[in-house]
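**Student:** Sending over a structure as structure tokens; questions will come in a sec.
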Amino acid sequence: MRHSQTAAKIWLRQQTKLGRRAVRGAVAIGMLGVAAGIGQAVCVGYGLDDAMRGVPAAPLLMTFAVLALVRAGLGWLFERASFEVGARARRRLRTDILAGMLAAGPALLRGRHSGELTAAVIDRIEALDGFFGRWLAAATLAVAGPALVVVALLWLDPWGAAFVALAGLLVPMGMAFAGIGAASASRRQFAAMARLQARFLDRVRGIATIVLYGRAPDEARALAAAADELRQRTMRVLRVAFLSSATLDCAAAAALVVLAIRAVARGAAPGPALAELLLVAEFFAPLRVFAAAYQDSMQAQGAAEVLAELPAAPPPEVPKAVRHVAARGVTVAFEAVDFSWDTTRGKVLDSLSFRAPAGETLVLVGPSGAGKTTIIEMLLGFIRPDQGRVTINGADIATLVPQALSNLTAWIGQRPMLFAGTIRDNIRFARPEATDAEITDAARFGQVDGFAARLPDGLDTVVGEGGYGLSGGEAQRVALARAFLKNAPLLLLDEPTAHLDPLTEADVLDGLRRLAIGRTVILASHSTAAHSFGGRRLDLGRAPPATMRGVA
């Protein structure tokens, strides 16, 4: 917990530096608004004084009206500028965080729930809107605005100005006291929200299982309890937040009473006395905005604890040693590669060395946990070796342009991801610029046309999220058609026939054999049928490192 809070503070400091540069325009507009408010207070006070003395007060009243219009316009500009700052910050954060997630790949899901990641990208970033759009500008104006008002009060009543400044100093002290509880309450609220979202997502995905086992009423009650917990956490956040507003109201009331008593005691004229009282309201106006935005800063601390732990976006600059490799004839080699997901559990890969020549097939075999999927993810660029290096055509994979590596590689896993849309769109995903004729050819090579012909709209039949409406074998054929359409020289297959019946498995393997012609293939599989795929075998479970190094 302490580590996550420290990381969150560091992350927030970095974001604050970026945000303060962005809110300079909003702060300047806010200061002009404070100056206009001071002018209005003076115009009202001295206009009243002139009216009581029989002097025409029309010029001052006209000036007040003009300043009111100017202040209204400045208020609109301030809100607009604050909104733009918050929107730009959220866009930047979502872009950076999504880029980091994509760079991390499947490894990001180890130990994390997809519902929590969704909450981080949507809810927690959305919760930072007030931090960037309101809090950063309000924090600056809470110092600069009252200071400007104190300067005006010094001209009218130096001792009154000193007392108002002292009352203003009590506000942040009270808010800091309330903030200790607000930060903790906000942190618990975010945790309750993440739990509710993760639970709800799990139950939606498993709704068939819930209904079949008769657990729908129990799960409904559990979701209701989680929602009620979130409600209680939210109300506690609001309860603590109201304490800061109460502190400010008490300080403002005390300042007004003291200045009113001083004005009567020293026999001040009604006009200047009224101006002083109105300036007290102007003094506390930026502090009220600060108090209203204070909850945003506490909420940001709770959101930052999760966002700070997500992988950072890759640096935009291109490494010096970045290379492209030829798109034809891909040779893959592992050179004394070590890798571990968790150092306490030992190495998954230990001094692993092998070479897969261009145009040939290497079949990875071994029990679960032997490192087959780890090798595939390393070749996809999602993880890096702890020691040693992985090369493609002699170039270290870490120095390859990411887009070049993506263009070189086609991947088919055991559970292909299909998106809500037509079968044609799901095939086109591999190469968006492909023509309809190329997609039709890919569907034929991938054996999609066989089952698509029986569907009402053929390739234009709409399927649901995750391939809902298609069988496992049909979804795998769509993935096969994608690989045909991409036409990449390196083909990575991670248990491509898992969960398929023998007949469907034989059909998919037949399509994979056609796809493998002329390509370098790395196949990881437990299937006995897949072992007849051809090519050399690398047994990760039984072969010692010396034997592994002999695979070439």
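The values are calculated or read from the model by the stated rules, or taken from the named source; none is laboratory data. What you are looking at is a predicted structure, and each value in this text was computed from that prediction instead of being measured. Heads up, the Cβs are rebuilt from the backbone with ideal geometry, glycines too, and the neighbour counts pull from every protein chain shown.
**Student:** Working carefully through the options MET235, MET173, find the one that is in contact with a Ser or Thr (Cβ under 9 Å, 6 or more places away or on another chain), assigned to a helix (DSSP H, G or I), exposed (fewer than 15 other Cβ atoms within 10 Å of the Cβ) and at pLDDT below 80.
**Tutor:** Details: MET235 fails: in contact with a Ser or Thr (Cβ under 9 Å, 6 or more places away or on another chain).
Only one candidate qualifies: MET173.
**Student:** I'm checking my understanding of the structure. Among residues of the range 24-54 that are within 26 Å of LEU136 (Cα to Cα) and without any contact (Cβ under 8 Å) to a residue 12 or more places away in the chain, which one is surrounded by the fewest Cβ atoms within 10 Å (Cβ to Cβ)? Walk me through how you get there before you give the answer.
**Tutor:** Taking the range 24-54 first, the residues within 26 Å of LEU136 (Cα to Cα) are 24-39.
Checking the rest, the ones that are also without any contact (Cβ under 8 Å) to a residue 12 or more places away in the chain come to 24, 28.
Details: ARG24: 13, ALA28: 15.
Residue satisfying both the conditions and the ranking: ARG24.
**Student:** I would also like to ask the following. Can you name the condition, by its number, that PRO456 falls short on among (1) closer than 29 Å to ALA333 by Cα; (2) not in a helix (DSSP H, G or I)?
**Tutor:** Failing condition for PRO456: (1).
**Student:** I've got another one for you. Name the residue, out of ARG514, ARG537, ARG519, that is farther than 20 Å from VAL332 by Cβ and at pLDDT 80 or above.
**Tutor:** Numbers: ARG537 fails: farther than 20 Å from VAL332 by Cβ; ARG519 fails: farther than 20 Å from VAL332 by Cβ.
The match here is ARG514.
**Student:** Moving to a separate point now. Using the structure shown, decide if ARG20 is in contact with a Ser or Thr (Cβ under 8 Å, 6 or more places away or on another chain) and either closer than 23 Å to GLU305 by Cα or among the aromatic types (Phe, Trp, Tyr) (or both). Before the answer, list the steps.
**Tutor:** Values: in contact with a Ser or Thr (Cβ under 8 Å, 6 or more places away or on another chain): yes; either closer than 23 Å to GLU305 by Cα or among the aromatic types (Phe, Trp, Tyr) (or both): yes.
Yes, satisfied.
**Student:** Among GLY37, GLY54, GLY47, which is the only one that is on the phi > 0 side of the Ramachandran plot and assigned by TED's automatic domain parsing to the domain that holds THR140?
**Tutor:** On the way: GLY37 fails: on the phi > 0 side of the Ramachandran plot; GLY47 fails: on the phi > 0 side of the Ramachandran plot.
Of GLY37, GLY54, GLY47, the one residue that is on the phi > 0 side of the Ramachandran plot and assigned by TED's automatic domain parsing to the domain that holds THR140 is GLY54.
**Student:** Looking only at the range 422-447, how many residues end up being over 20 Å from ASN407 (Cα atoms) and loosely packed, with under 15 Cβ neighbours inside 10 Å?
**Tutor:** Qualifying residue count, the range 422-447: 3.
**Student:** While we're on this one: Are any residues in the range 300-322 in a loop (DSSP other than H, G, I, E, B) and at pLDDT 55 or above, and if so, which ones?
**Tutor:** Across the range 300-322, the qualifying residues are ALA308, GLU309, LEU310, PRO311, ALA312, ALA313, PRO314, PRO315.
**Student:** Looking for whichever is farther than 15 Å from VAL330 by Cα and in contact (Cβ under 8 Å) with a residue 24 or more places away in the chain here; the options are ALA410, ALA404, ALA395, ALA370. Which one fits? Working first, answer last.
**Tutor:** Numbers: ALA410 fails: farther than 15 Å from VAL330 by Cα; ALA404 fails: farther than 15 Å from VAL330 by Cα; ALA395 fails: farther than 15 Å from VAL330 by Cα.
That would be ALA370, the only listed residue that is farther than 15 Å from VAL330 by Cα and in contact (Cβ under 8 Å) with a residue 24 or more places away in the chain.
**Student:** Looking at the range 455-465, is at least one residue free of Cβ contacts under 8 Å to residues at least 40 places away in the same chain, assigned by TED's automatic domain parsing to the domain that holds GLY381 and at positive phi?
**Tutor:** Yes, that holds for at least one residue.
**Student:** Hey, another quick one. Quick one: in the range 338-385, which of the residues that are farther than 12 Å from LEU538 by Cβ and among the basic types (Lys, Arg) is nearest to the chain's Cα centre (by Cα)?
**Tutor:** Across the range 338-385, the extreme among qualifying residues is ARG384.
**Student:** Check whether at least one residue in the range 323-331 is over 31 Å from the mean Cα position of the chain (by Cα) and modelled with pLDDT of 80 or more, and report yes or no. It would help to see each step written out before you state the result.
**Tutor:** Let us first name the residues in the range 323-331 that are over 31 Å from the mean Cα position of the chain (by Cα), namely 325-331.
If we keep only those that are modelled with pLDDT of 80 or more too, we end up with 330-331.
Yes, the range 323-331 contains at least one residue that is over 31 Å from the mean Cα position of the chain (by Cα) and modelled with pLDDT of 80 or more.
**Student:** Restricting to the range 463-509, what's the tally of residues that are closer than 21 Å to PHE419 by Cα, of a type in the set (Asp, Glu) and in a loop (DSSP other than H, G, I, E, B)?
**Tutor:** 1
**Student:** So which pairs qualify, if the first residue must be in the range 56-74 and within 18 Å of ALA28 (Cα to Cα) and touching a residue at least 40 places away in the same chain (Cβ under 8 Å), the second must be among the β-branched types (Val, Ile, Thr) and part of a helix (DSSP H, G or I), the Cβ gap must be under 9 Å, and the two must be at least 6 apart or on different chains?
**Tutor:** Close Cβ pairs satisfying both conditions: LEU74/ILE29.
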